[in-house]
């Protein structure tokens with residue numbers, strides 16, 4: 001039962017919480033051990049909180065998941081995990097992580113509570129509204145960045161971080177919907193109600209809006225943002241961002257790939273290498289030169 | 001003939017006057033919403049613009065009267081159906097713009113000039129440019145920018161950001177291309193008879209153009225919220241981005257999924273989520289600029 005519980009906690013999706021380290025990294029504070037330690041604790045809190053919300057999500061969606069070719073094997077949909085266990089685990093995880101968050105920093109507790117609230121509101125209600133569903137996902141990403149910002153004791157507010165992060169999150173969410181439309185075809189609305197509201201051409205339009213915005217915002221950041229070197233060397237990282245976005249656009253068109261961004265981000269070697277190169281270059285430019 | 005004023009008013013398309021509300025944008029963003037003088041000047045400018053834009057429709061219907069008589073819907077227009085006599089319409093079409101332009105110059109010479117440019121441009125649109133691909137939509141957009149500029153002149157705006165001009169032009173282009181795309185989708189094979197210029201546009205071309213202006217609009221508005229001068233230093237204006245984004249996406253949704261968008265004025269009133277989002281945006285902008 002414990003193994004199944006871990007399965008329902010979607011550990012892979014914890015990857016999204018790495019966004020939390022952005023304010024620390026881009027605020028030049030990665031070397032401060034006390035802040036880094038606090039960030040790791042906050043990261044753990046976010047991971048447990050998001051797992052609690054995934055449990056709630058799978059509890060709500062059990063019936064619908066049974067229509068999905070891949071999701072029908074989830075512990076709750078496949079009846080391998082008892083609902084009572086899932087409910088209990090969600091409550092305990094949420095309680096512990098919120099408690100720790102409030103102990104670390106009361107503001108972290110507040111942002112983390114909002115995060116949990118947004119995630120649960122998404123599962124219960126907002127996931128059913130076209131457009132609002134992807135905006136909520138982006139809001140959750142922004143709250144992750146805010147958690148990191150609180151922990152990093154950011155003194156200056158960095159709008160670029162939020163704009164780039166928000167548009168990137170929207171891109172991932174819209175890409176996921178486009179991929180689901182391609183993979184699921186006519187069954188799509190049964191699995192996700194809002195897919196009846198999205199069409200390939202509408203998603204294409206929305207994706208071109210958020211990708212252009214991400215690229216422009218990131219490009220402007222590389223020469224206008226705080227802490228970027230005088231010699232504008234941060235501009236060297238633009239190609240990686242461009243490649244990453246374009247590669248992801250190619251991948252969501254392919255029906256043989258898994259639908260979730262976490263898995264695509266892990267499993268596609270060119271994308272993994274590109275993202276590592278991007279991260280390495282950013283850190284080298286910020287901290288070494 | 002008893003109801004000449006009413007028939008005149010119908011011909012001047014009061015519904016289209018909602019577009020003239022863009023004159024108030026400068027007043028709102030220049031923090032002069034409670035300054036009586038400027039509110040009065042802007043209201044006067046709004047009324048004058050309504051008369052000017054209404055006169056263009058009057059002139060338009062006068063020249064098209066024969067063609068409109070053949071059209072299943074347009075034959076019911078006051079002039080085509082004979083409920084409004086041509087002499088009355090002709091008189092009004094000459095007198096109203098002259099009075100409106102004279103009053104505009106009295107209100108503010110700069111505003112008068114903008115009104116004149118607007119009027120001439122709209123006539124050029126009616127008598128030819130509406131059939132020139134791309135230029136047709138650019139003129140519609142220019143009309144919005146002139147409205148905003150007119151508002152900025154009469155409000156003697158000092159804090160009106162250049163970003164907002166960029167945003168307004170892109171918004172107008174977005175609405176213009178959206179309108180063309182809807183006309184293509186709804187009218188299909190009949191599109192040609194309805195609007196000659198539609199034969200030059202295809203859904204793919206319009207989607208490309210819309211993707212371009214929508215992206216530019218979203219990024220320009222985002223940049224405005226945190227890099228324009230005279231905004232709260234705590235960047236709280238960024239909180240209005242989600243509402244703007246929702247409205248734009250909702251509009252795209254209505255065009256793509258519901259085949260709406262033919263007349264922006266009707267969508268503006270008809271779709272509850274869209275209206276709600278715009279109201280929230282307006283309320284958020286107001287609160288951030290005036291209250292906090």
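The values are calculated or read from the model by the stated rules, or taken from the named source; none is laboratory data. Just so you know, these numbers come straight off a predicted model, no measurement behind them. Methodologically, a virtual Cβ is constructed for each residue, glycine included, from the backbone with ideal geometry; neighbour enumeration extends over all protein chains shown.
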Conditions: (1) surrounded by fewer than 16 Cβ atoms within 10 Å (Cβ to Cβ); (2) within 30 Å of residue B:127 (Cβ to Cβ). Residue B:34 meets all but one. Number of the miss? (2)
Here's a check for you: in segment A:179-209, which residue that is outside any helix (DSSP H, G or I) and within 14 Å of another protein chain (Cβ to nearest Cβ) is surrounded by the most Cβ atoms within 10 Å (Cβ to Cβ)? A:198
For segment A:59-66, indicate whether the set of residues that are at pLDDT below 90 and more than 23 Å from the chain's Cα centre (by Cα) is non-empty. yes
Identify, please: which residue in segment A:129-159 is over 19 Å from residue A:50 (Cα atoms) and modelled with pLDDT of 90 or more and is, among those, surrounded by the fewest Cβ atoms within 10 Å (Cβ to Cβ)? A:129
Is there a residue being over 19 Å from the mean Cα position of the chain (by Cα) and closer than 20 Å to residue B:162 by Cα anywhere in segment B:258-276? no
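Rundown of residues vs (1) within 13 Å of residue B:150 (Cβ to Cβ); (2) modelled with pLDDT of 95 or more; (3) in contact with a helix residue (DSSP H, G or I) (Cβ under 6 Å, 6 or more places away or on another chain), yes/no style:
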site	(1), (2), (3)
B:77	no, no, yes
B:84	no, no, yes
B:90	no, no, no
B:102	no, yes, no
All-but-one check, residue B:256 against (1) within 13 Å of chain A (Cβ to nearest Cβ); (2) at pLDDT 90 or above; (3) buried (at least 21 other Cβ atoms within 10 Å of the Cβ), failing number (2)
Just one of the numbered conditions (1) more than 19 Å from the chain's Cα centre (by Cα); (2) crowded, with 19+ Cβ neighbours inside 10 Å is not true of residue B:186; which one? (2)
Would you pick out the residues in segment A:26-46 that are in a helix (DSSP H, G or I), touching a residue at least 40 places away in the same chain (Cβ under 8 Å) and under 21 Å from the mean Cα position of the chain (by Cα)? A:26, A:38, A:39, A:41, A:42, A:44, A:45, A:46
Can you confirm whether residue A:145 is assigned to a helix (DSSP H, G or I) and either touching a residue at least 12 places away in the same chain (Cβ under 8 Å) or more than 21 Å from the chain's Cα centre (by Cα) (or both)? yes
Those helices (runs of 4 or more DSSP H) lying entirely in segment B:84-182 with at least 3 residues surrounded by 20 or more Cβ atoms within 10 Å (Cβ to Cβ) and over 19 Å from the mean Cα position of the chain (by Cα): B:86-107
Looking at segment A:63-110 only, could you name the residues that are without any contact (Cβ under 8 Å) to a residue 40 or more places away in the chain, crowded, with 19+ Cβ neighbours inside 10 Å and assigned to a helix (DSSP H, G or I)? A:90, A:109
Between A:221, A:243, which is modelled with pLDDT of 90 or more and within 13 Å of another protein chain (Cβ to nearest Cβ)? A:221
Need the failing condition index for residue A:236 against (1) at pLDDT 90 or above; (2) more than 23 Å from the chain's Cα centre (by Cα); (3) buried (at least 16 other Cβ atoms within 10 Å of the Cβ), just the number. (3)
Please state which one of B:230, B:234, B:190 is more than 10 Å from every other protein chain (Cβ to nearest Cβ), within 27 Å of residue B:282 (Cα to Cα) and either at pLDDT below 90 or touching a strand residue (DSSP E or B) at 6+ places or on another chain (Cβ under 8 Å) (or both). B:230
Among the residues of segment B:199-223 satisfying the criterion of being surrounded by fewer than 21 Cβ atoms within 10 Å (Cβ to Cβ) and more than 10 Å from every other protein chain (Cβ to nearest Cβ), which is modelled with the highest pLDDT? B:209
